[in-house]
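Asks: The structure's right below; bear with me while I get my questions together.
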Amino acid sequence: MNVIETHNLVRKYGKTEAVHDLTISVPTGSVFALLGPNGAGKTTTIKVLMNLLTPTAGEARVLGVDSQKLGVNERRQIGYVSENQQLPLWMSVRQFLDYCRPWYPAWDRDLEKKLLGRFELPEERKLKHLSRGMLMKVALLSSLAYRPKLLILDEPFSGLDPFVRDEFVQGVLEVSEIGDWTVFISSHDIHEVEMLCDWVGILNAGRLQLAEPVEKLQARFRHIEVVLHEPIMPAVSPPEHWLCYEQAGSVIRFFEKDYSTGKTEVLCRERFPSAAVTAHPMSLREIFVALMRAQRVQNTEGAIK
Amino acid sequence: MLPFTIELKLGLPVTEQVVFATKKAVVTGQLKVGSMFPSVRVLSQELKINPNTAHKIVATLVTEGVLVTTPGVGSVVAEPLAGDKRERAELLGADLERLVVEAKKLGLSLEDVQSGLNKHWRKLGG
């Protein structure tokens, strides 16, 4: 089962296409990270999911319901925190929580108290006098206290210091459940959720580059380094699945995106019969950067042709 | 706090890393036979990983006989595998082959490998 699905989703602002033909599925029970550089279309996608924007074409389904028909019942099961959340700044923390509580029958007062303590939030202080980190924690608390089945976080970490980021993740895990508890999180910097997420999607210029389980992605990507005994140019050109292929003197480096021990070894031996080949595993962040670089190289080459 | 040493490295499957760290902790005596293993929730919160991943880790450790689970109580570190010594040695077969392949690729001799093995064996208190 998928808790979020989009089918050929398009969203335009005037003539600009922010999201292009997006088909993506977020499996129930996953912690799914949607990555992409600024302006990739992540926030637009999330706003469509939350019915804050209507699709130009295609559709989005959340908890099995068309996003344009999301009702109170669904909203009570969704927690949503965004980077640019509008909060009633004239209220104090306590007033704000008093205001939110009645909307959610499942609101857990004990959990609210626990999170207030953990986040060290001053209940009497007005929201306009809180730091950015504290405001984000208030927003998160008000979305966690009713133990949502689906948590949607739009760039939750931008502008937060490492300590607050840590508290934020701890808070999220406080309401975690085994089974059908799902988190959909967008970020331009994967670092903070690298361990937390088990699914990843990469969006660039409104287009989905990939969406798959993290373990599968990590298994197929390697940073390959070849040290030639003599600095000669290999006669055969690199296959398509070797990204960002570069040579400097007797060293060749590239990213293999279809790695398997046997296959990669044979391909290397064919091209560099007597060379030392090493394959390094890559972090999600390195994979993300490699893909963005490969895309840029491709675009430049396309432009020249 | 977790009762065994683990430092997650980026780029490697989390499940594999935690399973390996647990086995190592059992071998070195950091985790004693019969002692409690952290719950899925604690594992998830301490390592900041998806609870479903933590669940998978515990399930893997149970399947491999490192832990035994008692419903309502939790998981404890199991007695070492009983059975034929030859059977147990066979479990290592694939890992040994991989080690030999890597060593040959690096141009090491059998002695190099043996002295390396000895060093690690002693480090874990053998």
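Asks: In the list A:Lys69, A:Lys12, A:Lys47, which residue meets the criterion of being under 19 Å from the mean Cα position of the chain (by Cα) and of a type in the set (Lys, Arg)? Talk me through it step by step, then tell me what you get.
Replies: Working: A:Lys69 fails: under 19 Å from the mean Cα position of the chain (by Cα); A:Lys12 fails: under 19 Å from the mean Cα position of the chain (by Cα).
Of A:Lys69, A:Lys12, A:Lys47, the one residue that is under 19 Å from the mean Cα position of the chain (by Cα) and of a type in the set (Lys, Arg) is A:Lys47.
Asks: Examine segment B:80-102 for a residue that is within 14 Å of another protein chain (Cβ to nearest Cβ) and part of a loop (DSSP other than H, G, I, E, B), and state whether such a residue exists.
Replies: No, segment B:80-102 contains no residue that is within 14 Å of another protein chain (Cβ to nearest Cβ) and part of a loop (DSSP other than H, G, I, E, B).
Asks: Only one of these is of a type in the set (Lys, Arg) and on the phi > 0 side of the Ramachandran plot: A:Arg147, A:Arg125, A:Arg118, A:Arg109. Name it.
Replies: Testing whether each residue is of a type in the set (Lys, Arg) and on the phi > 0 side of the Ramachandran plot leaves just A:Arg147.
Asks: Looking for something more than 29 Å from B:Thr53 (Cα to Cα) and either within 13 Å of another protein chain (Cβ to nearest Cβ) or crowded, with 19+ Cβ neighbours inside 10 Å (or both) - is there at least one such residue anywhere in segment A:198-218?
Replies: Yes, that holds for at least one residue.
Asks: Would you mind finding the one in A:Ser25, A:Ser92 that is within 30 Å of B:Ala54 (Cβ to Cβ) and either at pLDDT 95 or above or basic (Lys, Arg) (or both)?
Replies: A:Ser25
Asks: Let me ask you something else. Cβ contacts < 8 Å: first residue touching a residue at least 60 places away in the same chain (Cβ under 8 Å), restricted to segment A:54-67; second residue among the hydrophobic types (A, V, I, L, M, F, W, C) and in a strand (DSSP E or B), any location; separation 6+ or different chain. Result?
Replies: What qualifies is A:Val62/A:Val3; A:Val62/A:Ile4; A:Val62/A:Ile78; A:Val62/A:Leu150; A:Leu63/A:Val3; A:Leu63/A:Ile78; A:Leu63/A:Leu150.
Asks: For segment A:128-137, how many residues are among the aliphatic types (A, V, I, L, M) and touching a helix residue (DSSP H, G or I) at 6+ places or on another chain (Cβ under 6 Å)?
Replies: Narrowing segment A:128-137 to residues among the aliphatic types (A, V, I, L, M): A:130, A:134-136.
Restricting the remaining residues to those that are touching a helix residue (DSSP H, G or I) at 6+ places or on another chain (Cβ under 6 Å) gives none.
Of the residues in segment A:128-137, 0 are among the aliphatic types (A, V, I, L, M) and touching a helix residue (DSSP H, G or I) at 6+ places or on another chain (Cβ under 6 Å).
Asks: Can you tell me which residue within segment A:13-46, out of those that are surrounded by fewer than 24 Cβ atoms within 10 Å (Cβ to Cβ) and among the β-branched types (Val, Ile, Thr), is farthest from the other protein chains (Cβ to nearest Cβ)?
Replies: A:Thr16
Asks: Of the conditions (1) over 15 Å from A:Leu97 (Cβ atoms); (2) free of Cβ contacts under 8 Å to residues at least 60 places away in the same chain; (3) small (Gly, Ala, Ser), A:Ala145 clears all except one; give me its number.
Replies: (1)
Asks: Can you pull out every residue in segment A:155-192 that is within 13 Å of chain B (Cβ to nearest Cβ) and acidic (Asp, Glu)?
Replies: Selection gives A:Asp166, A:Glu167, A:Glu174, A:Glu177, A:Asp180, A:Glu192.
Asks: Only one of (1) within 11 Å of chain A (Cβ to nearest Cβ); (2) surrounded by 21 or more Cβ atoms within 10 Å (Cβ to Cβ) fails for B:Val42. Which number is that?
Replies: (2)
The values are calculated or read from the model by the stated rules, or taken from the named source; none is laboratory data. Since the structure is predicted, the reported quantities are computational estimates derived from the model, not experimental observations. Cβ sites come from the backbone with ideal geometry, for glycine too, and all protein chains shown count toward neighbours.
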